[in-house]
Amino acid sequence: MDTRTAVVDGYRVEVSGWDASESFFVEKAWLDWGHGTQMEIKLRSILREGCVVFLRLMPPVDDGVNFPVAYRVLKVTARDTDGWARIFLAKLHPRASYRETAQAVSDTTVHVA
């Protein structure tokens, strides 16, 4: 586990998902926010690029809005000498349903001169 006590632009999170051997894992880590939207965590679990992981803020937020958020693994670096791999993430966004897409198309009006 990462032994840092203070992180600038970071959050303590619980990471879960399926690792490269398709085994379910749960690890605690720091979510570091770099410049812009770049997000990074360090894990001992081995992940594949393109896989989906779920992050949940720790400790639980009192307002009941502490649910896991899906992220896609963009890049996995080689492990360092302590056994940690840097994982770069991008937040996943739900796709529009067929009904929502059809509604958006039908709402578009075309004027012909």
Please rank Met39, Met58, fewest neighbouring Cβ atoms within 10 Å first, as an exposure proxy.
Met58, Met39
For a quick check: sort Glu27, Glu49 by the number of other beta carbons within 10 angstrom, fewest at the front.
Glu49, Glu27
Please list, in order along the stretch 16-24, the HN-Hα scalar couplings obtained from phi with the Karplus expression 6.51 cos²θ - 1.76 cosθ + 1.60 (θ = phi - 60°), rounded to whole Hz, x for Gly and Pro.
9, x, 10, 7, 5, 8, 6, 9, 6
Residue exposure sequence - Asp80, Asp32 - by fewest surrounding Cβ within 10 Å:
Asp80, Asp32
Between Asp82 and Glu22, what length comes free when the chain is fully extended (0.36 nm per residue of separation minus the Cα-Cα distance, one decimal in nm)?
19.3 nm
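Every read-out reported here was derived from the displayed coordinates using simple, explicitly stated rules and does not represent laboratory data. Every value quoted in this text rests on a predicted model; they were computed, and no experiment measured them. Ideal geometry is used to build each Cβ from the backbone, glycine not excepted, and the neighbour counts take in all protein chains shown.
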